[in-house]
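Shown next, in structure tokens, is the structure this report addresses.
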Amino acid sequence: MALARGLLSKIHIARQQLGLQDDVYRQKLQVMFGKGSARDLNLRQAEQLLTEFKRLGWQPQPSKRAAGKPHNWRQLPAEVEVIEAQLTNMGLPWSYADAIAKRQFGVAKVAWLKKPEQLKAVLAALHVEQEKRGLLGNVEELLKLLGEHDPNWRVDLEHLPKGWERRRPILKSLVETLRAAASARGLL
């Protein structure tokens, strides 16, 4: 039976992080298991090899890409995939969505939410965050287009209320104002 791709990848990552040359690595496989490739190992042998790598100083690290991803991923409703897509799109960890679930429902993990409307509320909160980031990006692009060095714009931005970068109504209004200014100058 072939090894799972994830386990095989883990072996190759460990080998790379330990800096083992290919010939040294293959000799270790031959001495320990009589095999020339990790692909030929069974599950028990693969685990023994990883234990040997740990003895040599390798320290496995959790994946940063899916940090905090629910373990029961396959059993969760489809909305959870949309949540993951939004998190990935914004470059946010699962802990961000978990914090939303905690703040809105007092439940520590998105994976523990039971009602579909709870998942939809988390999705709505992520959508709002995505919209804020998009609006702020528009503001930055328009300022560059208008010439952010313009002292008039800098003064105007300083007069905005504290935390304006997180307030949708202010961001929307600012985008409209900047677009109008860019259009008036013939930049759009």
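The values are calculated or read from the model by the stated rules, or taken from the named source; none is laboratory data. Note that the coordinates shown come from a computational prediction; the quantities given were computed from them, not determined experimentally. Here Cβ is always computed from backbone atoms with ideal geometry, including for glycine, and neighbour counts include all displayed protein chains.
Here are some notes:
- Residue that is nearest to the chain's Cα centre (by Cα) [pool: residues in region 78-111 that are modelled with pLDDT under 85 and surrounded by 13 or more Cβ atoms within 10 Å (Cβ to Cβ)]: Val80
- Considering Glu140, Glu117, the condition of being at pLDDT 90 or above and either hydroxyl-bearing (Ser, Thr, Tyr) or assigned to a helix (DSSP H, G or I) (or both) is satisfied by Glu117 alone.
- Residue within region 96-103 that is in the same structural domain as Arg179 (by TED's automatic domain parsing), closer than 25 Å to Arg167 by Cβ and of a type in the set (Lys, Arg) present: yes
Let's see how each residue does on (1) surrounded by 16 or more Cβ atoms within 10 Å (Cβ to Cβ); (2) out of contact with any Leu (no Cβ under 9 Å at 6 or more places or on another chain); (3) over 30 Å from Ala78 (Cα atoms):
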residue: Leu113; (1), (2), (3): yes, no, no
residue: Leu119; (1), (2), (3): yes, no, no
residue: Leu136; (1), (2), (3): yes, no, no
residue: Lys144; (1), (2), (3): no, yes, yes
residue: Leu157; (1), (2), (3): no, no, yes
residue: Lys162; (1), (2), (3): no, yes, yes
residue: Leu178; (1), (2), (3): yes, no, yes
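- Within region 25-64, the set of residues being assigned to a helix (DSSP H, G or I) and over 32 Å from the mean Cα position of the chain (by Cα) comprises Tyr25, Arg26, Gln27, Lys28, Leu29, Gln30, Val31, Met32, Phe33, Asp40, Arg44, Gln45.
- Within region 154-188, if we keep just the residues that are charged (D, E, K, R) and in a loop (DSSP other than H, G, I, E, B), the residue that is farthest from Lys132 (Cα to Cα) turns out to be Arg185.
- Cβ separations smaller than 6 Å between residues 6+ apart or across chains give the following pairs from region 48-67 residues that are more than 15 Å from His12 (Cα to Cα) to residues that are modelled with pLDDT of 85 or more: Ala67/Pro93.
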